[in-house]
Structures are given as C-alpha cells and as structure tokens.
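Worksheet: one structure, shown below.
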Amino acid sequence: MARRYDYIQNIFSYKTEDDLANIVEKSSSKWLIFSNRNANEIMSAIKSQNIDCILLSREKINSNAKVNDEYNYIIDHETTSKKVVISTSVLDNGINIKNDKLKENEKILNIAIDVTDRTEFIQMLGRIRFNDTDKINLYIKENSIDE
C-alpha cells in the first residue's frame, strides 16, 4: 500500500526548542509535537511562552492524574483539549487523531517531529488521520533523522 503525504501543505525546519516555541506562540491552531530525546526541553520552552501544553510520556501517564486524563481524552475523543501536546513515542502506535468533525480553531494543523529513527518518524507523522481538505504544516528539527 503506497503512503500518501498530500495532506502536508508545508515543511519547515527549526534549530532549537526556543525557535519551535516562538513558532508555536504565533500559531492559532493546535500542535502535536513528538520528541523522544528533547521532550522536557521543548515543554520548558513552550511553557515559558505561557502556552497551554502538556507532556505525554509513559512515566507521566502512569504517575500524574492530569496527564493520564489528557491521554484518555485523546483516545476517547481523537483530539486534544490542549493547544499543544508534546509526546514521546507513547502516542506513535494505535492512537488516531481526527480533525474532520472539529471547528477550525480546534484542529491540529501543525506537527513537529524531533526523532532520529525513520520508522518512528513515519509512525508519528501518521497519527493524524486526514480528510481531503485539511492540510498540515510539518516542522522537523534540523539534523534529526539519521541516514
């Protein structure tokens, strides 16, 4: 089965977590950010901008009720209640996020991925299930994918 990437409108790169936080701050739509190695740094940079965000990791889901509630919200509603969800690979398999029944300001239209593994990257990119009208912006950390 061939992969489709026609839902990607633009592809951008960013250098630092602070660069990404500045981009997120200027955006009006929601974000899904994946990182296995810099998730805490991304969270700190985004929180410093006073943006509504949450960090999902296996450890936090198991130990923090608010994080567990958001994780279950994503599973049950196939969207997020936060402007920004930062996630480790805990969301990269078996989780669907759909924009098709949401108002424009509720849609996740930006994905940032900071991982080194090509297969993980593809899994993370595939979390959002798109219809034929929604387009996303993809942000990739420079030098993040190993060849």
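Go through K98, K107 for me and flag whichever is open to solvent by 50 Å² or more (accessible area, probe 1.4 Å), in contact with an Asp or Glu (Cβ under 9 Å, 6 or more places away or on another chain) and under 19 Å from Q9 (Cβ atoms).
K98
Out of everything in segment 26-61 that is loosely packed, with under 14 Cβ neighbours inside 10 Å and under 24 Å from E104 (Cβ atoms), what residue ends up being modelled with the lowest pLDDT?
It comes out as S28.
Among the candidates V85, V90, which residue alone is touching a strand residue (DSSP E or B) at 6+ places or on another chain (Cβ under 7 Å) and either assigned to a loop (DSSP other than H, G, I, E, B) or more than 22 Å from N50 (Cβ to Cβ) (or both)?
Matching residue, one of V85, V90: V90.
Where in segment 1-57 are there strands (runs of 3 or more DSSP E), lying wholly inside it, with at least 3 residues that are of a type in the set (A, V, I, L, M, F, W, C) and in contact with a Leu (Cβ under 9 Å, 6 or more places away or on another chain)?
Counting at least 3 such residues, we get 8-14, 30-35.
Given (1) open to solvent by 20 Å² or more (accessible area, probe 1.4 Å); (2) over 23 Å from T119 (Cβ atoms); (3) of a type in the set (S, T, Y), identify the lone condition not met by Y71.
Single failed check for Y71: (2).
The values are calculated or read from the model by the stated rules, or taken from the named source; none is laboratory data. Keep in mind the model is a prediction, meaning the values are calculated, not measured. Virtual Cβ from ideal backbone geometry, glycine too; neighbours counted across all protein chains shown. Please note that ligands, DNA and RNA were not included when accessible areas were found on the heavy atoms of the full protein model with its side chains. Shrake-Rupley method; radii C 1.70, N 1.55, O 1.52, S 1.80 Å.
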